[in-house]
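Student: So that we are looking at the same thing, I have put the structure below in structure tokens.
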Amino acid sequence: AQSVTQLDSQVPVFEEAPVELRCNYSSSVSVYLFWYVQYPNQGLQLLLKYLSGSTLVKGINGFEAEFNKSQTSFHLRKPSVHISDTAEYFCAVSEVRGGGNKLTFGTGTQLKVEL
Amino acid sequence: EAGVTQFPSHSVIEKGQTVTLRCDPISGHDNLYWYRRVMGKEIKFLLHFVKESKQDESGMPNNRFLAERTGGTYSTLKVQPAELEDSGVYFCASSQAGSRGEAFFGQGTRLTVV
């Protein structure tokens, strides 16, 4: 079984400031890692994913995340946020083998960008 | 290309009533998933269809929940009878065969049981 921990339920940040949303996971098997974003009144949208290869992955809207196997982390970063980045962000994992690719999610981090 | 469509978007029902949620996946997507988010908590897996077959229903809370996927196309999730703890947002997601977790999600159905 897997679990995902997002320690920060809310992160307020000023526009154009950098931001990091933290994600740690626990799993007895190898996993793929994902960040999904939910904008107000919309469904979840894939932001980026780590499947294999380079541990630094880039996603849409200028976001990137780094997979750290030793620390079992997959933190999401953006060097300069915009008002439109205000949304809820979910870290998730799925098993590499088996599991039907179902996702195990963290509890989400609400990013609020202020002027 | 149309995305994943769910309806209704909101439903308010009384305890003991029946509610049916519908999900239309992206055309051609073999995988269809149902998830639920209870207020303030994580999004939890309910079940997974591959075409019309239930691949994994380990997340279904109890036998008051019944999911079907007719002909491998749209899916319904029926709750009968509904209880207060069934309130939450129900998400449907679909993906192509061979995907590894990259799924397309619908907007969700917010179910409130009063």
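The values are calculated or read from the model by the stated rules, or taken from the named source; none is laboratory data. Here the structure is a predicted model, which is why all the values come from computation and not from measurement. FYI the Cβ positions are ideal-geometry reconstructions off the backbone, even for glycines, and counts take in every protein chain you see.
Student: In the range A:59-115, what residues are among the hydroxyl-bearing types (Ser, Thr, Tyr) and either assigned to a strand (DSSP E or B) or in contact with a strand residue (DSSP E or B) (Cβ under 6 Å, 6 or more places away or on another chain) (or both)? Break it down into steps so the answer makes sense when it comes.
Tutor: Going residue by residue through the range A:59-115, those that are among the hydroxyl-bearing types (Ser, Thr, Tyr) are A:70, A:72-73, A:80, A:84, A:86, A:89, A:94, A:104, A:107, A:109.
Matches in the range A:59-115: A:Thr72, A:Ser73, A:Thr86, A:Tyr89, A:Ser94, A:Thr104, A:Thr109.
Student: To continue, here is another question. Looking at B:Leu32, B:Leu21, which one is farther than 21 Å from A:Asn41 by Cα and either among the acidic types (Asp, Glu) or assigned to a strand (DSSP E or B) (or both)?
Tutor: On the way: B:Leu21 fails: farther than 21 Å from A:Asn41 by Cα.
Going through B:Leu32, B:Leu21 in turn, the sole match is B:Leu32.
Student: Answer yes or no: is there a residue in the range B:12-29 that is free of Cβ contacts under 8 Å to residues at least 24 places away in the same chain, within 14 Å of chain A (Cβ to nearest Cβ) and among the charged types (D, E, K, R).
Tutor: Step one: list which residues in the range B:12-29 are free of Cβ contacts under 8 Å to residues at least 24 places away in the same chain, which gives none.
Scanning the range B:12-29, I find no residue that is free of Cβ contacts under 8 Å to residues at least 24 places away in the same chain, within 14 Å of chain A (Cβ to nearest Cβ) and among the charged types (D, E, K, R), so the answer is no.
Student: Related question: Could you grab me the full set of residues in the range A:5-26 that are closer than 10 Å to A:Phe74 by Cα and hydrophobic (A, V, I, L, M, F, W, C)?
Tutor: Within the range A:5-26, A:Leu21, A:Cys23 meet the criteria.
Student: On the basis of being at pLDDT 95 or above, within 14 Å of chain A (Cβ to nearest Cβ) and in a loop (DSSP other than H, G, I, E, B), does B:Met60 make the cut? Walk me through how you get there before you give the answer.
Tutor: Working: at pLDDT 95 or above: yes; within 14 Å of chain A (Cβ to nearest Cβ): yes; in a loop (DSSP other than H, G, I, E, B): yes.
So B:Met60 passes the test.
Student: Which numbered condition trips up A:Leu46, out of (1) of a type outside the set (S, T, N, Q); (2) outside any strand (DSSP E or B); (3) touching a strand residue (DSSP E or B) at 6+ places or on another chain (Cβ under 8 Å); (4) without any contact (Cβ under 8 Å) to a residue 60 or more places away in the chain?
Tutor: Exception for A:Leu46: condition (2).
Student: Within 11 Å of another protein chain (Cβ to nearest Cβ), out of contact with any His (no Cβ under 6 Å at 6 or more places or on another chain) and either more than 30 Å from A:Tyr89 (Cβ to Cβ) or aromatic (Phe, Trp, Tyr) (or both): is that true of B:Lys41 in this structure?
Tutor: So B:Lys41 does not fit the description; no.
Student: May I pose another question? From A:Lys58, A:Lys69, A:Lys78, which residue is charged (D, E, K, R) and at pLDDT below 95? Before the answer, list the steps.
Tutor: Working: A:Lys58 fails: at pLDDT below 95; A:Lys78 fails: at pLDDT below 95.
Going through A:Lys58, A:Lys69, A:Lys78 in turn, the sole match is A:Lys69.
Student: A:Ala87: hydrophobic (A, V, I, L, M, F, W, C) and either closer than 20 Å to B:Phe45 by Cβ or within 11 Å of chain B (Cβ to nearest Cβ) (or both), yes or no?
Tutor: Details: hydrophobic (A, V, I, L, M, F, W, C): yes; either closer than 20 Å to B:Phe45 by Cβ or within 11 Å of chain B (Cβ to nearest Cβ) (or both): no.
The answer is no for A:Ala87.
Student: Sticking with this structure for a sec: Could you list all residues from the range A:25-64 that are under 13 Å from A:Val93 (Cβ atoms), small (Gly, Ala, Ser) and within 14 Å of chain B (Cβ to nearest Cβ)? Talk me through it step by step, then tell me what you get.
Tutor: In the first step, residues of the range A:25-64 are kept if they are under 13 Å from A:Val93 (Cβ atoms); the result is A:25-36, A:49-51.
When the remaining residues are screened for being small (Gly, Ala, Ser), the result is A:26-28, A:30.
Hits for the range A:25-64 are A:Ser26, A:Ser27, A:Ser30.
Student: Condition first: facing another protein chain (nearest Cβ under 8 Å) and either touching a residue at least 12 places away in the same chain (Cβ under 8 Å) or among the hydrophobic types (A, V, I, L, M, F, W, C) (or both). Now tell me which residues in the range B:79-103 satisfy that.
Tutor: The first filter runs over the range B:79-103 and keeps only residues facing another protein chain (nearest Cβ under 8 Å), leaving B:91, B:93, B:95, B:99-103.
B:Phe91, B:Ala93, B:Ser95, B:Ser99, B:Ala103 - these are the residues of the range B:79-103 that are facing another protein chain (nearest Cβ under 8 Å) and either touching a residue at least 12 places away in the same chain (Cβ under 8 Å) or among the hydrophobic types (A, V, I, L, M, F, W, C) (or both).
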